[in-house]
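Asks: I have a structure here, written as structure tokens, and I will follow up with some questions on it.
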Amino acid sequence: MKPSFYHTHALIAVAVGIFLSGLTGSANAASPEEKRAEVRKMRSETLAKLYKVHPLAKSEISKAVGYAVFSNIGVNLILLSAAGGSGLAHNNRSGKDVYMKMVSGGFGLGLGVKDFRGIFVFSTDKAFKQFIESGWAADLQADAAAKSGDKGGSAAGAITVAPGMDLYQLTENGLALQATIQGTKYYKDDELNGK
């Protein structure tokens, strides 16, 4: 008997779930403080890598209202993709950190695993507060090309994904010139924020 379209997608969804649970299995065994330490380490490593490939980002981030750094691990299996990750939002004025999570899923051709880092830079209090308090979901408009340095507006090499919010996206090969965050939801991590 030939498997139906729906059975195939159900099997793919199960495979993706098993894969992602394997990625987070060791993290689930860690204490909240160990998880927070791992997220802080990821932030430091990600910012260091960004500043190495794009030195101008350092001054943009230091002048911003705040920033958020995320590590994302995703998997594409034929027509289904899923990803999850963690991050940390930092208020440059108060010095306060807020631990966050991200999750995404969708349909698209491909096979394999991708690991990328995202650094959001907030130029307005409103954008930063809304990202922290209400979370943020990337929609079709969030996928955009990076602006060149001579066009003004956003930081050179960054991608404007919403009013008052730019994104630097790092891959294994360096700074990405196209955002790939459609269908991704960012929200507070209640466990790591002690709630």
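Asks: Name the residue, out of THR160, THR184, that is surrounded by 18 or more Cβ atoms within 10 Å (Cβ to Cβ), touching a strand residue (DSSP E or B) at 6+ places or on another chain (Cβ under 8 Å), farther than 17 Å from SER86 by Cα and at pLDDT 75 or above.
Replies: Testing whether each residue is surrounded by 18 or more Cβ atoms within 10 Å (Cβ to Cβ), touching a strand residue (DSSP E or B) at 6+ places or on another chain (Cβ under 8 Å), farther than 17 Å from SER86 by Cα and at pLDDT 75 or above leaves just THR160.
Asks: Step by step: first the residues of the stretch 116-153, then only those that are at pLDDT 85 or above and among the polar types (S, T, N, Q), then the one that is nearest to THR46 (Cα to Cα). Which residue is that?
Replies: So the residue we want is SER123.
Asks: Any idea which of LYS35, LYS49 is surrounded by 14 or more Cβ atoms within 10 Å (Cβ to Cβ), modelled with pLDDT under 95, assigned to a helix (DSSP H, G or I) and within 16 Å of the chain's Cα centre (by Cα)?
Replies: Step by step, each of LYS35, LYS49 is checked, and only LYS49 is surrounded by 14 or more Cβ atoms within 10 Å (Cβ to Cβ), modelled with pLDDT under 95, assigned to a helix (DSSP H, G or I) and within 16 Å of the chain's Cα centre (by Cα).
The values are calculated or read from the model by the stated rules, or taken from the named source; none is laboratory data. Computed from a predicted structure; not experimentally measured. Glycine also receives a Cβ, built like all others from the backbone with ideal geometry; neighbour counts cover every protein chain displayed.
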